[in-house]
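The structure appears below as structure tokens.
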Amino acid sequence: MDQEYSLACDGVVFHYPDTKEPALHELTLAIPKGSKTAVLGHNGSGKSTLFLHAVGILCPQQGTVLQGGKVLSYSKKELAALRQRVGLVFQDPEQQLILSTPLEDVSFGLRGSGMAEPAIAARCREVMELLNLTDLSDKPIHQLSLGQKKRTALAGVLAMEPELILLDEPTSYLDPLSETQMLKGLEAIHAKGTTVVMATHDMDLAYRWADWIIVLDHGRCRAAGRPEEIFAEREELLAIGLGLPLLADIWFSLPATVTIGQSAPRTSEDFTAILHKLLES
Ligand SMILES: Nc1ncnc2c1ncn2[C@@H]1O[C@H](COP(=O)(O)OP(=O)(O)O)[C@@H](O)[C@H]1O
Ligand SMILES: [Mg+2]
């Protein structure tokens, strides 16, 4: 059976004006529907440019972008419909947040879509609860921490109930508590059936969070697959300037006699459990 894809690129070329190399270089990839996909790649590998194509802010100069199996078309009406189905959370929440409190900001998009006020209030309450923002609803946005701002930006996107959410570096510069809160929110969103995609530098996070990995390198897709397949290719990852997740690094350097027949541990709890079992036997 064919895997169903939420988003796909087929031979996408995109060149920013006055740059030597194209940012996307005949990029072909597909993001499985219902997945938690991490897009990995060095700085400048094209992650953000890819995301801007997914919501039609940028348009390929060659090739096509497909969403829900259909090639994107760029009329105003089609783009508005696309942006209901696909939500992009920018890396910098300042680019996204425009009003003065989380509640006002989260309701803004819904008002634009013509929803009735009681339904708007109910939807806002629901997403703000999900992202643990209820107590902050009326706090001035400029007084929020970065983690709180990032969750508010996510709430605004989530309120539109997209089927696909793309997050550009959602945990960068967050402290561990804010990161945990962000990931809890993403877990809840994914559990509702939304496809969740994040661009990240954090290999440890990608390894424990994602169920599908896409590796970009100079605007091309270098590898795509399940985390345990991708991170077993250590030489390939090191060659394109990516580190290895600590757990994967340790696991794949153990002798085969130890790892044989076991699936690679994705969390320190899994790893500890395996070590205890080994020590006992
Ligand atoms: N607005 C822009 N103008 C010109 N070049 C850009 C612009 N944005 C990105 N680029 C270039 O496009 C390439 C891909 O960038 P980007 O998509 O931001 O990568 P990433 O998000 O993986 O760091 C890089 O070489 C970058 O310098
Ligand atoms: Mg980027």
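The values are calculated or read from the model by the stated rules, or taken from the named source; none is laboratory data. Predicted model only: the values in this text are computed from it and were never measured. Cβ coordinates were reconstructed from backbone atoms using ideal geometry, including for glycine residues, and neighbour counts include every protein chain displayed. Accessible surface areas use protein heavy atoms only, side chains included; no ligands, DNA or RNA. Shrake-Rupley method; radii C 1.70, N 1.55, O 1.52, S 1.80 Å.
A few notes on this one:
- Flag if Thr64 is under 17 Å from the mean Cα position of the chain (by Cα), modelled with pLDDT of 95 or more and either hydroxyl-bearing (Ser, Thr, Tyr) or within 13 Å of ligand 2 (Cβ to nearest atom) (or both): no
- Some residue of region 208-222 being outside any helix (DSSP H, G or I), within 16 Å of ligand 1 (Cβ to nearest atom) and either out of contact with any Gly (no Cβ under 9 Å at 6 or more places or on another chain) or polar (S, T, N, Q) (or both): yes
- Pair list, Cβ < 7 Å and 6+ apart or interchain, from region 35-60 residues that are under 17 Å from Val86 (Cβ atoms) to residues that are of a type in the set (Ser, Thr, Tyr): Ser35/Thr195; Gly56/Tyr74; Leu58/Thr49; Cys59/Tyr74
- Every residue from region 46-64 that is among the polar types (S, T, N, Q) and either assigned to a strand (DSSP E or B) or near ligand 1 (Cβ under 8 Å from one of its atoms) (or both): Ser48, Thr49, Gln62, Thr64
- All positions within region 259-281 that are open to solvent by 40 Å² or more (accessible area, probe 1.4 Å), touching a residue at least 12 places away in the same chain (Cβ under 8 Å) and assigned to a helix (DSSP H, G or I): Ser268, Leu278
- Selection of first residues in region 213-226 that are touching a residue at least 60 places away in the same chain (Cβ under 8 Å) and among the β-branched types (Val, Ile, Thr) and of second residues that are within 12 Å of ligand 1 (Cβ to nearest atom) and not in a strand (DSSP E or B), restricted to Cβ pairs under 7 Å at least 6 apart or on distinct chains, gives the following pairs, ordered by first then second residue: Val215/Gly41.
- Failed condition for Tyr74, given (1) within 11 Å of ligand 1 (Cβ to nearest atom); (2) over 16 Å from the mean Cα position of the chain (by Cα); (3) open to solvent by 30 Å² or more (accessible area, probe 1.4 Å): (1)
- When residues of region 223-234 are limited to those that are open to solvent by less than 70 Å² (accessible area, probe 1.4 Å) and in a loop (DSSP other than H, G, I, E, B), the one modelled with the highest pLDDT: Phe231
- Filtered residue count, region 171-212, keeping only those that are β-branched (Val, Ile, Thr), more than 11 Å from the chain's Cα centre (by Cα) and open to solvent by less than 70 Å² (accessible area, probe 1.4 Å): 2
- Hey, Glu126 in the same structural domain as Glu187 (by TED's automatic domain parsing), acidic (Asp, Glu) and without any contact (Cβ under 8 Å) to a residue 40 or more places away in the chain or not: no
- Candidate set: region 28-45, residues that are part of a strand (DSSP E or B) and touching a helix residue (DSSP H, G or I) at 6+ places or on another chain (Cβ under 7 Å); chosen: the one most open to solvent (accessible area, probe 1.4 Å): Lys36
- Every residue from region 65-112 that is part of a loop (DSSP other than H, G, I, E, B) and of a type in the set (Gly, Ala, Ser): Gly68, Gly69, Ser73, Ser75, Ser100
- Test: residue in region 171-178 that is more than 16 Å from ligand 1 (Cβ to nearest atom), of a type in the set (Ser, Thr, Tyr) and assigned by TED's automatic domain parsing to the domain that holds Lys33: yes
- In region 1-27, the residues that are among the aromatic types (Phe, Trp, Tyr) and surrounded by 20 or more Cβ atoms within 10 Å (Cβ to Cβ): Phe14
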